[in-house]
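The values are calculated or read from the model by the stated rules, or taken from the named source; none is laboratory data. Everything numeric in this text was worked out from a predicted model, so none of it was measured. We place every Cβ from the backbone using ideal geometry, glycine too, and count neighbours over all the protein chains shown. Surface areas here come from the heavy atoms of the whole protein model, side chains and all, with no ligands, DNA or RNA. Shrake-Rupley method; radii C 1.70, N 1.55, O 1.52, S 1.80 Å.
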Amino acid sequence: ACRSLLKLSHRKLSPVFALLVSMLSKLRQAAYPGRSAARRSITTSTIGGYKVYDHHYDALILGAGGAGLRAAAGCVAHGLKTACITKVFPTRSHTVAAQGGINAALANMTEDDWRWHCYDTVKGADWLGDQDAIQHMTRMAPEVVLELESFGLPFSRTDEGKIYQRAFGGQSLKFGQGGQAYRCAAAADRTGHAILHTLYGMALKYDCLFFVEYFLMDLLMNDAGDCIGCIAMSMEDGTLHRFGAHSTVVATGGFGRCYYSCTSAHTCTGDGGGAVSRQGLPLQDLEFVQFHPTGIFPAGCLMTEGCRGEGGILKNSNGDPFMATYAPTAKDLASRDV
């Protein structure tokens with residue numbers, strides 16, 4: 001804002017106001033000394049007859065969904081010169097489509113424990129999940145949700161002012177013996193939308209540099225096999241850009257569009273996974289693609305699990321509720337594999 005006002009001041013505003021804006025700009029630089037350094041000079045080189053623009057950063061984030069924006073905000077908040085490359089505008093990333101909520105044992109509606117959440121997650125994965133990762137995720141989930149709240153995420157609220165949590169499939173109390181858990185922290189039916197906009201605001205707050213509509217072409221590796229950045233193409237004008245970085249985070253999302261009918265956006269094409277694979281690096285659990293229990297074929301859309309969390313009932317073509325046949329206790333809130 002100070003820079004914009006300073007530009008205007010040279011044309012339209014009084015010299016006194018121009019001096020005031022200049023002072024504010026200097027105060028801003030004093031308060032955030034690392035920000036100006038983030039704007040590195042851009043050099044060019046010619047490779048194979050193509051003009052390539054070179055950029056240099058401490059950290060490079062590929063993707064601007066929920067994971068990418070959180071990584072970007074965290075890097076710049078700790079003083080790293082950070083660039084975030086995304087092939088769509090950040091708030092168009094597919095995280096925006098998530099509706100239901102985030103499971104975390106906050107115990108705002110009923111008693112709860114992260115160990116019960118951990119048990120449900122291991123069981124819901126048919127004991128195939130990475131149990132170390134599941135333990136870490138469920139133990140940290142309440143802290144992360146409260147962190148998002150501190151960032152300004154507008155969660156729905158209970159009458160007491162606590163974060164509202166709805167019932168969700170596959171969630172129980174007391175290791176499956178205590179009935180249905182109300183564990184899913186939600187912002188109405190637009191939780192992903194709220195997360196994405198909140199994290200984008202945090203990244204902008206710390207002056208992260210975004211390269212919007214830049215398409216990842218390949219990762220760059222040195223002779224030792226370390227990733228030292230990437231090469232990307234600006235989709236606006238077709239120019240090639242080489243990004244060098246000490247650390248690279250690949251947060252490019254899934255590859256749901258490999259299926260004929262799916263609920264993923266047309267941007268979910270697995271670009272990052274392909275770039276990793278081309279460099280001979282390992283990719284884990286590629287078969288773990290999520291199949292949503294209430295996807296609508298062949299439209300390629302779904303009814304959020306939040307519908308059943310709020311009391312929705314699945315019926316067959318004869319109008320009869322059928323989930324009690326398969327899950328007598330949980331019924332419509334059984335885990336997704338059921």
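Out of Gly169, Gly101, one residue alone is within 30 Å of Cys84 (Cα to Cα) and in contact (Cβ under 8 Å) with a residue 40 or more places away in the chain. It is Gly101. Does segment 283-296 include one or more residues that are modelled with pLDDT of 90 or more, out of contact with any Pro (no Cβ under 7 Å at 6 or more places or on another chain) and open to solvent by less than 100 Å² (accessible area, probe 1.4 Å)? The answer is yes; a qualifying residue exists. When restricted to residues that are at pLDDT 95 or above and open to solvent by less than 90 Å² (accessible area, probe 1.4 Å), segment 123-132 contains 0. Is there a residue in segment 215-238 that is in a strand (DSSP E or B), within 17 Å of the chain's Cα centre (by Cα) and in contact (Cβ under 8 Å) with a residue 24 or more places away in the chain? Checked segment 215-238: no residue is in a strand (DSSP E or B), within 17 Å of the chain's Cα centre (by Cα) and in contact (Cβ under 8 Å) with a residue 24 or more places away in the chain. Residues in segment 180-199 that are open to solvent by less than 10 Å² (accessible area, probe 1.4 Å) and in a loop (DSSP other than H, G, I, E, B): Ala186, Ala187. The residues listed here are Ala203, Ala265; of these, the one that is surrounded by 20 or more Cβ atoms within 10 Å (Cβ to Cβ) and either modelled with pLDDT under 95 or closer than 23 Å to Lys51 by Cβ (or both) is Ala203. So for segment 246-260 (the condition being out of contact with any Leu (no Cβ under 9 Å at 6 or more places or on another chain) and over 21 Å from Ala67 (Cβ atoms)), does at least one residue qualify? Within segment 246-260 (the criterion being out of contact with any Leu (no Cβ under 9 Å at 6 or more places or on another chain) and over 21 Å from Ala67 (Cβ atoms)), the answer is yes, since at least one residue qualifies.
Residues are listed down the side, and each one gets a yes or a no for (1) of a type outside the set (Lys, Arg); (2) under 30 Å from Gly48 (Cβ atoms); (3) assigned to a loop (DSSP other than H, G, I, E, B); (4) touching a helix residue (DSSP H, G or I) at 6+ places or on another chain (Cβ under 9 Å):
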site: Ser247; (1), (2), (3), (4): yes, yes, no, yes
site: Gly253; (1), (2), (3), (4): yes, no, yes, yes
site: Val276; (1), (2), (3), (4): yes, yes, no, no
site: Gly280; (1), (2), (3), (4): yes, yes, yes, no
site: Pro293; (1), (2), (3), (4): yes, no, yes, yes
site: Pro328; (1), (2), (3), (4): yes, no, yes, no
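Across segment 240-255, the number of residues qualifying as in contact with a Cys (Cβ under 7 Å, 6 or more places away or on another chain) and open to solvent by 60 Å² or more (accessible area, probe 1.4 Å) comes to 2. Cβ-Cβ below 6 Å, separation at least six or inter-chain, first residue in segment 47-66 and farther than 18 Å from Gly272 by Cβ and touching a residue at least 24 places away in the same chain (Cβ under 8 Å), second of a type in the set (Lys, Arg) and open to solvent by 20 Å² or more (accessible area, probe 1.4 Å): which pairs? Listed pairs, sorted by first residue: Val52/Arg242; Asp54/Arg242; His56/Arg40; Asp58/Lys81. Among the strands (runs of 3 or more DSSP E) confined to segment 38-95, the ones with at least 2 residues that are among the charged types (D, E, K, R) are located at 50-62.
Checking each residue in segment 139-179 for being part of a loop (DSSP other than H, G, I, E, B), of a type in the set (S, T, N, Q) and closer than 18 Å to Asp189 by Cβ picks out Ser156, Thr158.
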